[in-house]
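The structure appears below as structure tokens.
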């Protein structure tokens, strides 16, 4: 599937991996809608890539549907979904005070990272399935974002790891489900990347994290994530796959 000229939705497109992906899609000629809960960030990125900014909460059916319709009115039916919006979490099951972790904290992470991904996917797919087929009968492609924590989560990452493992786990069945509509589904599981969150950590901590990566011994570049995401869209035989992008990193328990 050629990216040039097609409409694309990027959730979480206002910063970090989402911003890099929105920029790479625009560079390749896509018509990009930057979806984010932070409208200021979305507007900043959209203005710089000649795209459009849409405030969107992926956990809300109404918000996601409205964003899809707003983008379609300007760019036509989206053929590409980059589902990158998500949140992090670190909380032990039993805290230092001896109390159990609040259930609502676990539920919030699952709601954003897993249910939000499914919500965006189902609504995108419903619209995309109505579009005319292209070469090889393809109608569109979706790229989800998991994490290496889905496979080797650390202490305190129960909610985050479970949410990302859920995203990885639904990739193949969703690809099989949507095969009849010509919509491909893949997931990237990134390791340690130089996002604004990690870049805000003290330099010694950043250096320690970088040293834990076998090769190259540095944090991943958001542009590297974006390049892989766009390659997945372009490579018509990539489907139902979860791809680790981590420099051969395997996370230690803590």
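Bear in mind these aren't lab numbers, they're just calculated from the coordinates by the rules spelled out. Please read these numbers as outputs of a predicted model, since none were measured by experiment. Here the Cβ is made from the backbone with ideal geometry for all residues, glycine too, and neighbour counts use every protein chain on show.
Build a GNM of the chain with springs between Cα atoms under 10 Å apart, and of 235, 119, 111 the one that fluctuates most is 235. Its Kirkwood hydrodynamic radius, worked out from the mean inverse distance over all distinct Cα pairs, puts the chain at 18.4 Å. For the options 214, 204, 196, a Gaussian network treatment of the chain with springs between C-alpha atoms closer than 10 Å singles out 204 as fluctuating the most. Stretching the chain fully between residue 96 and residue 201 yields a gain of 35.4 nm (0.36 nm per residue, less the alpha carbon separation).
Kirkwood hydrodynamic radius of the range 87-167, from the reciprocal of the average inverse Cα-Cα distance over all distinct pairs: 14.5 Å.
Across 203, 69, 227, mean-square fluctuation computed from a Gaussian network of the chain (C-alpha pairs under 10 Å connected) peaks at 203. One Cα centroid belongs to the range 12-29, the other to the range 63-87; the line between them spans 14 Å.
A helix-only calculation puts the chain at -13000 deg cm²/dmol for mean residue ellipticity at 222 nm, using -39500 (n - 2.57) for each DSSP H run of at least four residues, averaged over all residues.
Take the Cα of residue 250, step 7 Å toward its Cβ, do the same at residue 132, and the gap between the two points is 5.1 nm.
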